[in-house]
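Undergrad: Starting off with a structure, shown below.
The values are calculated or read from the model by the stated rules, or taken from the named source; none is laboratory data. These numbers come from a predicted model, not from an experiment. Reconstructed Cβ throughout: ideal geometry from the backbone, glycine too, with neighbour counts over all protein chains shown. Note: areas computed on protein heavy atoms with side chains; ligands, DNA, RNA excluded. Shrake-Rupley method; radii C 1.70, N 1.55, O 1.52, S 1.80 Å.
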Amino acid sequence: MNRKIIEKGYAIILDLAMLVLGIVMIGFFLKELWELVTMLMHVDLATDFFGVAERILETFLFFEFVVLTREYFIQDRISLQNFMYIGITALLRNLLVYHADTIGILIQAAAIAILILVLVVYRWSRRYLADLAHREEREEMVFAEEHPDATK
């Protein structure tokens, strides 16, 4: 009984922390959105295109983290795949904005390739483990159908 109280208290604290984090992220998202709108109204896009592009990409990054927080409340967990997706898109955005250093571009491209490879391996391993679990269930059902006397 004492363990259940601790688990429930931990769950409440975690939910409150995620709620506060979500509110803070929404605040930063709205701040970035406001700065983007004011920048678009006062800046000449022809001269400061990369600054505007950088601000747009930062705004979308905050939006992804808000969606990640929302996922926690809907599914009561955050999947590892979503973190990898955010990492890949963040590195791609960074490549779009900062592209002056050739070595930096190669390092970021390698990091993107590694993340994609890890994502493929992770998804494959999850499917393989799920298939393994279902294979045992199927074998038990086939055995029960082929040997009706053995199950009694």
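Undergrad: So how tilted is helix 102-146 from the main axis of the chain? Cα-based, degrees 0 to 90, rounded to 10.
TA: Orientation of helix 102-146: about 20 degrees from the principal axis.
Undergrad: Let me ask you something else. Return the single residue from 84, 25, 141 with maximal mean-square fluctuation; model: Gaussian network over the chain, springs between Cα atoms under 10 Å.
TA: Result: 141 has the largest fluctuation of those listed.
Undergrad: Over the chain, what percent of the accessible surface lies on carbon and sulfur atoms, probe 1.4 Å? Could the numbers behind the result be given before it?
TA: Details: 8180 of 11660 Å².
Of all accessible area on the chain, carbon and sulfur atoms account for 70 percent.
Undergrad: Here are some values of semi-axes √(5λ) of the Cα gyration tensor in Å: [x] 45, 26, 12; [y] 38, 20, 13; [z] 94, 26, 15. Which one was computed from this structure?
TA: [x]
Undergrad: Helix 49-75 versus the longest principal axis of the chain: what angle, 0 to 90°, nearest 10, using Cα atoms?
TA: 30
Undergrad: Angle, helix 2-42 long axis vs. longest principal axis of the chain, Cα atoms, 0 to 90°, nearest 10?
TA: Tilt of helix 2-42: around 30 degrees.
Undergrad: Along the charge dipole of the chain, Cβ charges K/R +1 and D/E -1, which of 91, 18, 79 sits furthest on the positive end?
TA: Farthest along the dipole direction, towards plus: 18.
Undergrad: If you count only protein heavy atoms with a 1.4 Å probe, what accessible area per residue comes out for segment 1-122, rounded to a whole Å²?
TA: Values: 8670 Å² over 122 residues.
Ligands and nucleic acids excluded, the result is 71 Å² per residue.
Undergrad: Please give the Cα centre distance for segment 114-139 versus segment 51-76, rounded to the nearest Å.
TA: 28
Undergrad: Here is a further query. How large is the charge dipole for the chain, taken about the Cα centre, if only the Cβ atoms of Lys, Arg (+1) and Asp, Glu (-1) carry charge, to the nearest 20 debye? Mind showing how you got there, number by number?
TA: Working: 14 positive and 20 negative charges, 71 e Å.
With Lys and Arg at +1 and Asp and Glu at -1, about 340 debye.
Undergrad: Right, here's the next one. For the chain, what does the helix formula give at 222 nm: sum of -39500 (n - 2.57) over DSSP H segments with n ≥ 4, over the residue count, nearest 500 deg cm²/dmol? Spell out each step's value before the answer.
TA: Numbers: 4 runs with 131 residues, N = 152.
So the calculated ellipticity at 222 nm is -31500 deg cm²/dmol.
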